[in-house]
Amino acid sequence: MLDFFYSIDVQIFYFFNHSLSIGFLDKFFAMITNVNNWYIAYIVLLGIAFIKGGLRGKLAVAMIIILIIVTDQLGYKVIKEFFQRMRPCIALTDVLTPLGCNGTYSFPSNHALNNFAAATFFYRLFPKLKWILFITAFLVSLSRVYLGLHYPSDIIGGAIIGSAFGYIFSIAALKLEEYLLSTKSKQLEA
């Protein structure tokens, strides 16, 4: 049964890695997969949330930093080490790797884990942003398959785990916001 699912995973992988492979997409996915290309956008968006978002924005900034540290380390140091699934660019032949084959283990994709954690977290706090958040998370995650670094199941696993953590952290942020606002209103009444 596992062989059946693995064969589907590999077929879908080769579809994205081979059948869709064109120069424009190589450049596009190489650009969006590189976290260094996102730092300015992250700083600007977190700055806006902190300055304009009131208490919720300030909590969002603090909590997202903690969330990404937790999910990144969990994926990289715990889950990948537990499963030790080789990247497709190591395990398979004839894989197109426009950026080379770096890293060893593939499950889960930390790009998917972190991006879906952030998307779910921010969606719960700022629902109007849902489309941009989830489209971005999806494209960054898809880039990992296209670039030969992850199987589709690595992306799905990362998205599920990340979304779960994003949801849990959003509950904590909303409860903390509720507590702080009620404490503040009680202080004003006294």
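The values are calculated or read from the model by the stated rules, or taken from the named source; none is laboratory data. Please read all numbers here as calculations on a predicted model, not as lab measurements. For neighbour counting, all protein chains shown are included, and Cβ atoms are generated from backbone atoms with ideal geometry for every residue, glycine included.
All conditions in (1) without any contact (Cβ under 8 Å) to a residue 24 or more places away in the chain; (2) in contact with a helix residue (DSSP H, G or I) (Cβ under 7 Å, 6 or more places away or on another chain); (3) of a type in the set (D, E, K, R) hold for E177, with the sole exception of (1). Of the helices (runs of 4 or more DSSP H) lying entirely inside region 1-58, the ones with 2 or more residues being small (G, A, S) and more than 30 Å from T183 (Cβ to Cβ) are found at 23-33. The residue of region 77-93 that is nearest to D9 (Cα to Cα), among those that are part of a helix (DSSP H, G or I) and charged (D, E, K, R), is K80.
Restricting region 1-41 to residues that are at pLDDT 90 or above and of a type in the set (D, E) leaves a set whose member that is nearest to S143 (Cα to Cα) is D26. Filter region 76-125 down to the residues that are out of contact with any His (no Cβ under 8 Å at 6 or more places or on another chain) and basic (K, R) and list them by number. Hits for region 76-125 are K77, K80, R85, R124.
For region 1-54, the tally of residues that are over 26 Å from I90 (Cα atoms) and either exposed (fewer than 10 other Cβ atoms within 10 Å of the Cβ) or hydroxyl-bearing (S, T, Y) (or both) stands at 4.
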